[in-house]
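Scroll down for the structure; my scribbles are underneath it.
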Amino acid sequence: PVRFRLVLGCRELPEADSANVIGEVTGTERPREVVLLGAHLDAWDLGTGALDDGAGVSIVLTTAQNLLRAPTPPRRTVRVVLFANEENGLAGARAYAASHAEELPSHTAALEADAGDGRVLEIRFTGGAEGRGAFQRLAAMVRPMGVRASDERAHGGADLSPLEGVPRFDLAQDMSTYFDHHHTANDTPAVLDEPALHHAVAVWTRVVAELASMPDALGRAPPAERH
């Protein structure tokens, strides 16, 4: 028989104010139509949050920077939202959905980076039937980058779940080692795979640039699964 004594230091504290951080690359022709890129700012307290979700923040910010530097600017607005309080209740996600409720019908697509630093392996889509052709074209664009199309429904990420009707894409990453460090004291920059992170950014940039400029409508999506 083995005996051990476990001492936990966690505790619940009173609620406090926090804030989402939002920035945009304004569209040239359809500035009121929005492609949303999400990641979350908060992290589990044991580590620094390098994988969860510093890598995701890096992916969406670098994607937006790449679009700003592109010779042809996006036709639609690309909005980066760094959500507060993903880890403990999705308050930032709910606040965004509530404050932008009237604007949600103009959100043409949403993607979230919250899966670490791995290479992108699959692309998935959830939207209207009229968006399947656009999805297939996107899948063909990233196939040479080692990304396969999946018939599995895109979930979009926890912070996107309150965005009713917004078409969602998953750029599903390799998470084979993610949970070795996730929510532990080992979630530090030392565990990041820089070449894999660069690959993820390249795929995100290709997909988002197309979503922000293509003529197609993606329809409206069924409700996301609640987290």
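The values are calculated or read from the model by the stated rules, or taken from the named source; none is laboratory data. Quantities reported herein were computed from a predicted structural model and do not represent experimental measurements. Don't worry about glycine lacking a Cβ; one is built from the backbone with ideal geometry, like all the others, and counts go over all protein chains shown. We work out accessible area using only protein heavy atoms, side chains counted, and drop any ligands, DNA or RNA first. Shrake-Rupley method; radii C 1.70, N 1.55, O 1.52, S 1.80 Å.
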_Restricting to DSSP loop positions (anything but H, G, I, E, B) with no more than 12 other Cβ atoms inside 10 Å of their own Cβ, which GluC sites (Glu not before Pro) remain in the stretch 120-227?_
GLU152, GLU225
*Got a number for carbon plus sulfur as a percent of the chain's accessible area, 1.4 Å probe?*
54 percent
*From the C-alpha gyration tensor of the chain, pull out the three semi-axes of the equivalent ellipsoid (sqrt of 5λ each), sorted largest to smallest, in whole Å.*
30, 21, 17
_Burial order of peptide ranges 36-48, 133-145, 53-65, 4-16 (average beta-carbon count within 10 Å, highest first)_ = 53-65, 36-48, 133-145, 4-16
*Whole-Å semi-axes of the stretch 7-48's equivalent ellipsoid, largest first, each the root of 5 times a Cα gyration tensor eigenvalue?*
37, 12, 7
_Karplus (6.51, -1.76, 1.60) ³J(HN,Hα), θ = phi - 60°, over the stretch 93-107, in Hz, Gly and Pro reported as x_ = 5, 5, 5, 4, 4, 5, 6, 10, 4, 5, 8, 4, x, 8, 7
*Starting at the first residue of the stretch 14-22, write each ³J(HN,Hα) from the Karplus equation 6.51 cos²θ - 1.76 cosθ + 1.60 with θ = phi - 60°, in whole Hz, x for Gly and Pro.*
x, 5, 9, 5, 9, 8, 6, 10, 10
*Could you state, as a whole-number percent, how many of the C-alpha pairs of the stretch 144-227 are farther apart than 15 Å?*
70 percent
*Mean Cβ count within 10 Å, highest first, over the residues of peptides 84-92, 107-115*: 107-115, 84-92
*asked:* If you count only protein heavy atoms with a 1.4 Å probe, what accessible area per residue comes out for the stretch 39-95, rounded to a whole Å²?
replied: 41 Å²
_Residue-wise HN-Hα coupling along the stretch 45-53, computed from phi with Karplus coefficients 6.51, -1.76, 1.60 (Hz; x: Gly, Pro)_ = 6, 6, x, 8, x, 5, 7, 10, 9
*Within the chain, helix-based [θ] at 222 nm, where runs of 4 or more DSSP H residues each add -39,500 (n - 2.57), nearest 500*: -7500 deg cm²/dmol
*Taking just the C-alpha trace of the stretch 35-97, give me its Rg and Dmax in Å.*
13.4, 42
_I need the trypsin sites (Lys or Arg not before Pro) found in the stretch 156-226, filtered to DSSP loop residues with at most 11 other beta carbons within 10 Å of theirs._
ARG226
*Percent antiparallel among DSSP beta bridges with both residues in the chain, to the nearest 5?*
40 percent
*asked:* Restricting everything to alpha-carbon atoms, can you work out Rg to Rh for the stretch 114-186 with a Kirkwood hydrodynamic radius?
replied: 1.03
